[in-house]
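Down below is the structure, laid out as structure tokens.
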Amino acid sequence: MKRAFNFGAGPAAIPTEVLEEAQRELLDFQGSGISIMESSHRAKLYENVHNEAISLMRERKVQYADTGSWSSKAIKEAKIQGLNVEVVASSKDTNYDRIPEVNFDDDADYAYITSNNTIYGTEYKTFPSTKAPLIIDASSDIFSYPVDWSKIDMMFAGAQKNAGPSGVTIVIVKKEMISAPKENIPTILRYSTHADNNSLFNTPPTFGIYLLNLIMKWIKKQGGIKALQRMNEEKAAIIYDAIDNSGGFYVGHAQKDSRSLMNVSFNIKDKDAELEAELIKLTSENGMIGLKGHRSIGGLRASIYNAMSKEGVEALVALMEKFAAEKR
Ligand SMILES: *Cc1c(COP(=O)(O)O)cnc(C)c1O
């Protein structure tokens, strides 16, 4: 037997493999003793074929960049949802010390990034450009730089790092993204419910939102987000300079072109845990808290969100320099 090259416009060629499978199943479909075309369309036998065809046609392709703990957690959750998850880029091989080159397919159902990696201290300097809807977890850098909203379909953030107290989550999303929620999503979990009700469908965390309001006013008083961005650049440069000029005593975790302006993660040379503990103790004796690095990379982490003053950063650097001079 020789199969022809069928260039016909339609009815057209069907993959040989598929025809062979149909041939094998023609007389006895999956042990039922009948052909699928002899089955009632209400019988389980046909129903399974029918529903599988629909679900395979619906199968969605979603793409993620894996740049640290929060994005890998998001990937895990998407898999639980049964989505067809593709990880298009990852910096896991170098312990998440950089933002890898990220190229999303334009036909993905959505593309997902974490703009600032809170633990590893890396951030995107520009967002990947894609025609796919871009979704961003900006929990640790929202309101720290101006954003080109034309390129973003959804940005969400827990407020507790850069926008207020814990308990409030900010979701900024294009209306088209939420207009047709899946039928099996409970009312309160639908973004459309909250959008339609001006975020007052149920009792919101009123005190948290009051503080969020005060912070929005405070940002305005600082000169707006552009002014905060300049201050954040200045503050981060003070610490990174201290690391780079320490003669190797301090070692930054992030590669230079991926350095976060919000979280500066660093170690003492040779990851000397004893010296690191000593420095952390010294900081707390000098009125500084929260400098212990995340357990996954150890060392120290200075989180210098909008509300951290330049004075705070200078005090830390003075202490770091004194410590290095003594221990070097
Ligand atoms: C802190 C953080 C989260 C988690 O916030 P929760 O409110 O604790 O769920 C998620 N993503 C990023 C980037 C974070 O920094």
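The values are calculated or read from the model by the stated rules, or taken from the named source; none is laboratory data. Note that the structure is a prediction, hence the values are computed from the model and not measured. Cβ placement follows ideal geometry from the backbone for every residue including glycine, while neighbour counts extend to all protein chains displayed. Calculation scope for accessible area: heavy atoms of the full protein, side chains included, ligands and nucleic acids excluded. Shrake-Rupley method; radii C 1.70, N 1.55, O 1.52, S 1.80 Å.
Quick notes on this one:
- Any hit, the stretch 56-66, residues being open to solvent by 50 Å² or more (accessible area, probe 1.4 Å), away from the ligand (no atom under 16 Å from the Cβ) and either at pLDDT 95 or above or among the hydroxyl-bearing types (Ser, Thr, Tyr) (or both): no
- So Ala43, is it open to solvent by less than 40 Å² (accessible area, probe 1.4 Å), within 16 Å of the ligand (Cβ to nearest atom) and either among the small types (Gly, Ala, Ser) or in contact (Cβ under 8 Å) with a residue 40 or more places away in the chain (or both): no
- Qualifying residue in the stretch 158-171 (condition: surrounded by fewer than 12 Cβ atoms within 10 Å (Cβ to Cβ) and away from the ligand (no atom under 16 Å from the Cβ)): no
- Single residue of the stretch 123-157 satisfying the filter (within 11 Å of the ligand (Cβ to nearest atom) and among the polar types (S, T, N, Q)) that is farthest from Ile170 (Cα to Cα): Ser140
- Enumeration of residues in the stretch 23-34 that are within 23 Å of Arg3 (Cβ to Cβ) and either surrounded by 13 or more Cβ atoms within 10 Å (Cβ to Cβ) or in contact with a Pro (Cβ under 7 Å, 6 or more places away or on another chain) (or both): Glu25
- Residue selected from the stretch 22-72 under the condition under 30 Å from Pro133 (Cβ atoms) and acidic (Asp, Glu), by the criterion farthest from the chain's Cα centre (by Cα): Glu52
- Among the residues of the stretch 275-305, those identified as of a type in the set (S, T, N, Q) and either at pLDDT 95 or above or open to solvent by 60 Å² or more (accessible area, probe 1.4 Å) (or both) are Thr283, Ser284, Asn286, Ser303.
- Residues satisfying the stated conditions in the stretch 172-219, i.e. in contact (Cβ under 8 Å) with a residue 24 or more places away in the chain, within 16 Å of the ligand (Cβ to nearest atom) and assigned to a helix (DSSP H, G or I): Gly208, Ile209, Leu211, Leu212
- Look at (1) surrounded by 18 or more Cβ atoms within 10 Å (Cβ to Cβ); (2) on the phi > 0 side of the Ramachandran plot; (3) not hydrophobic (A, V, I, L, M, F, W, C) and you find that Asp137 fails only one, number (2).
- With respect to (1) under 19 Å from Pro133 (Cα atoms); (2) part of a helix (DSSP H, G or I); (3) open to solvent by less than 60 Å² (accessible area, probe 1.4 Å), the lone exception for Glu77 is condition (3).
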